[in-house]
Each structure stands twice: as C-alpha cells, then as structure tokens.
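Step one of this worksheet: look at the structure below.
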Amino acid sequence: MSLPSYLAWPWGLQHGRIVIDRSNSDETNPLVFEAFNFMRPRGPSDEAGPSVLNIEMRVTENKKAHNTDKYKNSNLIVRRNKEFTIIIKLDRAFNAEQDDVQMEFLIGSSPDENKGTYITVSIGKEKLDGTWKARLVEIQGNDVTVGITTDATCITGRFRTFVTVVTDLGKQRTERNPNTDFYVLFNPWDPADQVYMEKEEDRQEYVMNDVGSIYNGVFSNITTRSWNYGQFEEGVLDACLMVMDAGKVPLLYRGNSTEVVRQGSALMNSQNDDGVLVGSWNGDYSAGTAPTAWTGSPEILLKYASEGCVPVCFAQCWVFAGVLNTFVRCLGIPARVVTNYCSAHDNTGNLKTDIVLDEDGRVDRSRTRDSVWNYHCWNEVYMKRLDLPDKYSGWQVIDCTPQENSDGLYRCGPTSVNAIKEGELSYPFDAKFVFAELNSDVIYHKSDKYGKTKIIYVDTAYVGKLIVTKKKEGIEHEDITANYKYPEGSLKEREVMQLAERRGVPSRDYLPLTEAGVDIELQADTIKMGENFKLTLNIKNQTSRTCTIKTTITGCVVYYTGVTSTTFKLENKSATVEASKTESVTIDIKGMEYIPHLVEQSNLLFVVYGEIEENNTSLTTMKVVTLRPPELAIKMTGSPRVGRELIVSVEFLNPYNFILQKVQLRLDGPGLIPTKLKEYSQILPGASVKYKFLLVPRSLGKKVLMVCLDCPQLRQVTNQLEFEVVKDENMTD
C-alpha cells in the first residue's frame, strides 16, 4: 500500500500505526497518527465486525474507586494494579465467542510492545497474554463494560486509548480522542506496588494531604510556615509529567519509583538541566521572586510549564523541598518534608566541619569553607528498595537543593534512612553526604600571627541536633532524630561511627583532645527583630580549682546557611570561676548595632573563644539567634460554609523607623483560591496596610489559608488561618 505524499518519510509504520520518531517530543502529547483504517480497503461485500461508536471512561466512578477524585482534571486517573472499568458502545450487540475486539494503550512518541509503552488486551475470542489484564464485566444491549487492570510495575504517565475491531479482512481502529486518555499513577494502597504503605492514616497524610508545615528557625526556637503542596490543583499533574519530559527522563524509568525520585531530585533544580527552580542565596532577588515570598508549589510548577520550561527564580532549601514533595505526592509516591537543625555542609567530604579563627579569636571568613546551616530541608519518600536488602526499605532521603554532584548531576538520594542510622554507607545513593550532614564534628582551628593553625576544640554534638517533620495531625512537629542516629555518646553511636569509617569515612584521628574541664554555654531570649537583648555566657567550672577565663565574643549577621555576612560586635570579657561553680557574664546587644546589617531571615551568629589562664587551654562555642519578624494579622468574617461568601482581611503595621519598599503580599489556599498577589510600592514607618477580599469555599473539609509578606528589607513574615468548611443547611444537594 502506498501512502499519500504527506505521510512519506520521516514517518514510519510500526505495529499498524504511523509515527514520527521524535525522541525529544512531549511524551504527554506526542505526534502519533493511526493508520489502521486504510491498511486494508474494504469491498462492498466484505463482512464487517461491530463498529465502535464511543468509549466511555467512567471518570467519576473510577476516580472515586482509585482515590484520585481530588485531582482537578477532566480525564481519568487510575492507580497501578487496580481494576478500572470502561464502557465500549458498539453499533450492534457484542458476541464474545465470535467478535475479536482489542484495546490498545499507548504512551510516548514511539510506542513499543517490548518496552511497555504499547499494551494490547483482548475482550473477545482472541486471547492475548500480557502484563495488563482485561475481563468482560457486563454486556447490556450494545454496551460492553470491560475491566482493565494495569501491571503493578507499569510506566506511570498519560496513556492513549484505542479500540480495535479485528476481522479476517483487517483491523478497524478508533480515532485518537484526547478525552479517552488516562493517567496511571503509583499505588500506595496496593501491596504489590513498590510504594505500598500499610496504614490508611499514613497514606492520607503522606499522599493525600495537600497542605503541609515546613519548619525553620533554630533548634531552640522552631518556627513554622504552611506550604501549599497543591498536588491536586488543575494543571499540576500535567506540569509534573512535563518536568520529566523536559528532563528527557526515559519512559522505562517511570515505572520504578527509585528512578523517578532520583531523577526528580535532579530536575527540581536548574543546575545541570534547566530544571524547575533556580537556587540563590545572595540576597538579590530583583530578577524574580524571593525564596521567602513563595507560599506553595502550584504557582511555581504552573509557571514553569506555561513558560516553556524556563527555570523559575528563586529558591532555597525549603522551596526546593516543598516543590519536590508536590512532584512525588502528585505521582502517588508517599513523601514528607524533613528539617535537619544544625546541618553540616561539608565541602571537603571528610566528616569534619572546619571553622578557622584568627589570632584574635574571630571567625576567619576567608579560610572557613565549611558551614553549618541553621536548618536544612530535604524530603523523605517511602518505598521498597528493590536494589537493596529488605531492611533498607521504608523512608528514603532525597534532596534537590543543589549542593553536591552525584553521578554528574546535582542531586541526592534516594538513600535509606535505616542505612544512615546504622552507618552502612556503601549502598546507593549518596549515603556519605547525608551521613556527614547529620554526624560531622565541628572542629575549631586557631591561627597564629604567622597563619599556622592548630585544632583547639572539637564539638561532636553540635551537628544534627534535631530532625523534625510534620505530625500526622495538626501543624506541630514530630521529633524523628532517633530514626537517623543513636543517642550522642552511646555505645551504639560509637559502633556506627566505626562502621562508617570502615565504609570509607575518614577516621577521627583528631580525637580525643585534652578536656578543658570548663564549659561555656550561650543563652539569649527569643526577641523581635530590632529589639535590644542580652546575650548570656554561662561559664561552668567542673575542675577542682579556681579558673580564670578570658573570652572574645564575636557577633555576626549570618545567612541561614551559616555563611557570615557582617561582623557587628566584638567584645572581650573575663571571669573568675570557683571550683565546681558557674558564673554568668552578660553582653548587651543593641538593635541599632545589628539592624543596618541584617540579611534575609534575620539570623545572628555569636562565636565565643575562650582561654583558661591557668593551663593555656582553649575552648569555643557558637550560637545562632533568630529574630522574630513582626506580626501579620489575618482575620475571617462569616461562617465558612460551602458556596457562601466570606470576607478575609490581612493587616500589617510597619514597626520600624525605615521604609519598607517593593512589598509583596501573597495569599494562597488549595481548594480555596488561586494564588493572589498584592503589591505595595512602600509602607512608611509606623504606617499600616489592610487588604480585604471575598472568599467562597467550594468544597467541604479542613482548609488552610496562607499569607506571606515579603520585601527586600523584611523577609519571612507569614501567617495562616485554619478552618473547617461545613455544608450550608439552606442549600440543597
């Protein structure tokens, strides 16, 4: 059969269809043209099988059964290895003994039976063996109800549906109809799926919850911000698939959750592959949106998808983690955001975080390459690791904040949380890096006037101080430190470190140092940004003799990554402490000292270097003080009922003596409103702004409305309002 000229090369005929072999095509909308209708011309006397009039995907019923009815998408969405039903409407009654009717499901630009991208099942006399199963559920008149069960390991993504009637004279196939396309997702409800999660309450939190809490601040002063994951919002599922298309993730990988999350951890950042988000920590966000201004993932993912997969500016760790959480939950993989307080960024890979002090006891910024982040957010995903022993399945760390190169791309994980705890660092992926973030020693070096350095103090307990995630109920945090590490100083902790050294971590040959017998603890009250406060040094003498301690206190403005910006305080203090006693020394910190130098998130780092005169022993410690931003008030007037208007008001007062310029007010709430953005050119000192808007809830249940105020002079001002939407008794169903 000759083809019309417009169907000539480079088109090709494969499995009875004409395709363009275009490797870079959009996998969710490939150019595939069906050719069965002109493969064998029919004569007027030819016998014909039944003709297909329509395919009904039973979207509402199937979505409800597959736990996908929350997705705002008009197409069918199903989960792997669970039956869904389709009604095929024919022009005559179906005879299962005589008629040969097949269903075909295709994904990608070049479907291939051997690659799981072209699946055929039979509902008639011809029986086909395959990974997908079909059964005849019911015949009612000319309507045939068919049950389709996808394979538990099949590719996830958007499939195209066709029905083919086969006779001795050839095949007649339905035309392409985008309305019969359907999505296949991972299935945490099914024990046969790699991402199976046993408890329903866990599935509801880690798959179905579309709002979360992300924790920041410091371990002694945890702060919370709500995040709109919005995995069910309109366009988000297609955007997540587009992320994989743009990143050229092979379809073959998309049925394996280990591969999907590893690829996802690379694709969320733009470091190598024009991924979703551009990371920036330099304080200048004029070319985009400040990381602190975002309230959720849908705005970011939809912007990326609608603007031709151009990376979105800007992100820091919690934004990366929030968007990655949306990506994996949307595909059906259980996930949560985790915050590690005092997270080491070990640039040298030696399980040491080296801090260099100059001869006066101040942090030497030019020689200190490592840093300890006040907090760092990553993700955990829940799955069976098919490539590892069973005991290393369960929660896995993935991290898309671009810090370290892994197999040529900036990504991290998945690495087993259980393996990290046991020090078993030889399994993939990136276990040594995660282990270092949690277990590095902070080593203080002091240089002399000639530039030579020596180790003066080692703090083995500073890093990985606290690891938290959201509890399954409410917005409170859950302490999961014990999932990652054994108690500091315990026998088991020492055994883990020994095993880690056998697995390639450099030995701690700098231990033990001579114990000074004197400890310094720093204390500061939680105060608002701009206020004066007192920093207290508690000097505890645990020796049997009186000690005189000379200290140098350095105060720096610092980014949350531990990188110092400006030194604003340098003070020397001395104290004489009797044996087995504690003396306290206070230092006054004035708001006028640090306010002019503040950078985003308002963190102050205090480093104390001390010398004991009696034995020339050195000791040092550090503390981060996070300053609370001013309050952002949010109020609701009216009773939250479906279909009824509510009035929401947001109010902010500028308490400072400087002008706030280029102010953005962002409001967000899944199932409530699309993201709203209100801008103010300036807010004068002592002035206030008030923004009111109408809100009409469209669905029942618990809702969260988030609001964030952001400007170059003031970051991280957030609040949220939680409420329950109930049915309006005056409205009929």
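The values are calculated or read from the model by the stated rules, or taken from the named source; none is laboratory data. Just so it is clear, the structure is predicted and the values come from calculations on it, not from any experiment. When we count neighbours, we look across all protein chains shown, and the Cβ atoms used for this are built from the backbone with ideal geometry, even at glycine. For accessibility, only protein heavy atoms count, side chains too; no ligands or nucleic acids. Shrake-Rupley method; radii C 1.70, N 1.55, O 1.52, S 1.80 Å.
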**Report entry** region 669-700 - residue that is within 15 Å of PRO630 (Cβ to Cβ) and part of a loop (DSSP other than H, G, I, E, B) and, of those, most open to solvent (accessible area, probe 1.4 Å)
**Finding:** LEU684
Query raised in the report: Is it the case that GLU521 is assigned to a loop (DSSP other than H, G, I, E, B), closer than 28 Å to ASN216 by Cα and in contact (Cβ under 8 Å) with a residue 40 or more places away in the chain?
Result: no
Report task. Give the residues of region 653-663 that are open to solvent by 70 Å² or more (accessible area, probe 1.4 Å), within 17 Å of THR718 (Cβ to Cβ) and part of a strand (DSSP E or B), sorted by residue number. Result -> LEU653
Query raised in the report: Any idea how many residues of region 214-233 are surrounded by fewer than 19 Cβ atoms within 10 Å (Cβ to Cβ) and closer than 21 Å to PRO298 by Cα?
Result: 1
Report task. Can you tell me which residue among ARG644, ARG666, ARG628 is surrounded by 13 or more Cβ atoms within 10 Å (Cβ to Cβ), among the basic types (Lys, Arg) and over 31 Å from the mean Cα position of the chain (by Cα)? Result -> ARG644
Report task. Output the residues belonging to region 474-496 that are open to solvent by 70 Å² or more (accessible area, probe 1.4 Å) and either over 21 Å from GLY394 (Cα atoms) or small (Gly, Ala, Ser) (or both). Result -> GLU476, PRO487, GLU488, LEU491, LYS492, ARG494, GLU495
Requested in this report: Could you list, in sequence order, all residues of region 246-286 that are in contact with a helix residue (DSSP H, G or I) (Cβ under 9 Å, 6 or more places away or on another chain), of a type in the set (Val, Ile, Thr) and surrounded by fewer than 24 Cβ atoms within 10 Å (Cβ to Cβ)?
Outcome: VAL249
Report task. Kindly list the number of the only condition in (1) open to solvent by less than 60 Å² (accessible area, probe 1.4 Å); (2) part of a strand (DSSP E or B); (3) in contact (Cβ under 8 Å) with a residue 24 or more places away in the chain that fails for GLU571. Result -> (3)
Report task. Kindly provide the set of residues from region 701-733 that are among the hydrophobic types (A, V, I, L, M, F, W, C), over 20 Å from VAL319 (Cα atoms) and in a strand (DSSP E or B), ordered by number. Result -> LEU721, PHE723, VAL725, VAL726
Query - Hits in region 292-340 - residues which are β-branched (Val, Ile, Thr) and open to solvent by less than 20 Å² (accessible area, probe 1.4 Å) - result: THR292, THR295, ILE300, VAL312, VAL319, VAL323, THR326, VAL328, ILE333, VAL337, VAL338, THR339
Query raised in the report: Only one of GLU126, GLU113 is surrounded by fewer than 13 Cβ atoms within 10 Å (Cβ to Cβ) and within 37 Å of the chain's Cα centre (by Cα); which?
Result: GLU113
**Report entry** Any hit, region 478-499, residues being among the β-branched types (Val, Ile, Thr), within 21 Å of the chain's Cα centre (by Cα), within 29 Å of VAL624 (Cα to Cα) and at pLDDT below 95
**Finding:** no
Query raised in the report: Does ASP728 fit the bill of being open to solvent by less than 80 Å² (accessible area, probe 1.4 Å) and modelled with pLDDT of 95 or more?
Result: no
Query raised in the report: Only one residue in VAL184, VAL236, VAL211, VAL195 is crowded, with 23+ Cβ neighbours inside 10 Å, under 15 Å from the mean Cα position of the chain (by Cα), more than 30 Å from VAL624 (Cβ to Cβ) and not polar (S, T, N, Q). Which one?
Result: VAL236
Query - Number of positions in region 632-641 that are open to solvent by 10 Å² or more (accessible area, probe 1.4 Å) and not in a loop (DSSP other than H, G, I, E, B) - result: 6
Report task. Scan region 68-103 for residues that are open to solvent by 50 Å² or more (accessible area, probe 1.4 Å) and under 30 Å from GLU233 (Cβ atoms) and report the count. Result -> 7
Report summary line: Taking region 582-603 and keeping residues charged (D, E, K, R) and buried (at least 19 other Cβ atoms within 10 Å of the Cβ) leaves GLU600
Requested in this report: Please state which of the following conditions GLY408 fails to meet, knowing it meets all the rest: (1) among the small types (Gly, Ala, Ser); (2) in contact with a strand residue (DSSP E or B) (Cβ under 9 Å, 6 or more places away or on another chain); (3) open to solvent by 10 Å² or more (accessible area, probe 1.4 Å).
Outcome: (2)
Report task. Return the total of residues in region 56-67 being over 26 Å from the mean Cα position of the chain (by Cα), open to solvent by less than 70 Å² (accessible area, probe 1.4 Å) and without any contact (Cβ under 8 Å) to a residue 24 or more places away in the chain. Result -> 3
Requested in this report: Please specify each residue of region 317-347 satisfying the condition of being farther than 15 Å from GLN204 by Cα, of a type outside the set (A, V, I, L, M, F, W, C) and not in a helix (DSSP H, G or I).
Outcome: THR339, ASN340, TYR341, SER343, HIS345, ASP346, ASN347
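Would a scan of region 503-516 turn up a residue that is in contact (Cβ under 8 Å) with a residue 12 or more places away in the chain, under 30 Å from SER574 (Cα atoms) and open to solvent by 70 Å² or more (accessible area, probe 1.4 Å)?
Yes, because at least one residue in region 503-516 is in contact (Cβ under 8 Å) with a residue 12 or more places away in the chain, under 30 Å from SER574 (Cα atoms) and open to solvent by 70 Å² or more (accessible area, probe 1.4 Å).
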Query raised in the report: Since LEU53 meets every condition but one in (1) over 20 Å from ARG176 (Cβ atoms); (2) open to solvent by 50 Å² or more (accessible area, probe 1.4 Å), which condition does it not meet?
Result: (1)
**Report entry** Answer from GLY530, GLY555 - the residue that is surrounded by 14 or more Cβ atoms within 10 Å (Cβ to Cβ), in a strand (DSSP E or B) and of a type in the set (Gly, Ala, Ser)
**Finding:** GLY555
Query raised in the report: Residues of region 161-192 being more than 12 Å from ILE77 (Cα to Cα) and assigned to a loop (DSSP other than H, G, I, E, B), which ones?
Result: ASP168, LEU169, THR174, GLU175, ARG176, ASN177, PRO188, TRP189, ASP190, PRO191, ALA192
Query raised in the report: If you check every pair at least six apart or on different chains, which have Cβ atoms under 9 Å apart with a residue in region 586-609 that is within 20 Å of TYR285 (Cα to Cα) first and a residue that is crowded, with 21+ Cβ neighbours inside 10 Å and of a type in the set (Asp, Glu) second?
Result: none
Requested in this report: May I ask you to list pairs of residues, at least six apart or on different chains, whose Cβ atoms are under 8 Å apart, with the first in region 470-492 being farther than 20 Å from GLY322 by Cβ and the second being open to solvent by 60 Å² or more (accessible area, probe 1.4 Å)?
Outcome: TYR486/LYS492
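Quick grid of which residues meet (1) part of a loop (DSSP other than H, G, I, E, B); (2) surrounded by fewer than 23 Cβ atoms within 10 Å (Cβ to Cβ):
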| residue | (1), (2) |
| --- | --- |
| THR353 | no, no |
| VAL356 | no, yes |
| ASP360 | yes, yes |
| ARG365 | yes, yes |
| TRP378 | no, no |
| ARG385 | yes, yes |
| GLY413 | no, no |
| ASN418 | no, yes |
| SER426 | yes, yes |
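When the residues of region 96-123 are filtered to those that are of a type in the set (D, E, K, R) and in contact (Cβ under 8 Å) with a residue 60 or more places away in the chain, which remaining residue is nearest to ILE148 (Cα to Cα)?
Checked region 96-123; the qualifying residue nearest to ILE148 (Cα to Cα) is GLU104.
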